[in-house]
Amino acid sequence: MTMRISIKEQYMPEFEKFVKSLPSDAIEIKRTLDEEISKRSQEYRSGNMKTTPFMEGMDEIRESLLSRL
């Protein structure tokens, strides 16, 4: 079963204590989208992310589609 819950900040210590009391295979915590966005933003800002200018990318898509005709 998948469940999404929101915990008020004031109750986080109790919630964390509850989660730790469960067997290790009882719960799987997935990363939030905020973490993924932050990671990708940092990668982009550091210059480590390979990017393609928008029009160049559109030209590649156009050429690919035209070659299929």
| field | Label point distance in nm, Leu69-Leu22, each placed 7 Å from Cα along Cα→Cβ | value | 5.5
| query | log10 I(q)/I(0), Debye, Cα-only the chain, no solvent, q = 0.29 Å⁻¹? | reply | -1.23
| Where does helix 33-46 land angle-wise versus the long Cα axis of the chain, in degrees 0 to 90, nearest 10? | 50
| request: Could you state the angle between the C-alpha long axis of helix 54-67 and the longest principal axis of the C-alpha atoms of the chain, as a value from 0 to 90 degrees rounded to the nearest 10? | output: 70
| query | Using a cut-off of 30 Å between alpha-carbon atoms, which lysines can reach Lys50, once sequence neighbours fewer than 8 places away in the same chain are excluded? | reply | Lys30, Lys39
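Since every read-out is calculated from the coordinates, none of them should be taken as a lab result. These numbers were taken from a predicted model, which means no experiment stands behind them. As a convention, Cβ positions derive from the backbone with ideal geometry for all residues, glycine included, and neighbour counts pool all protein chains shown.
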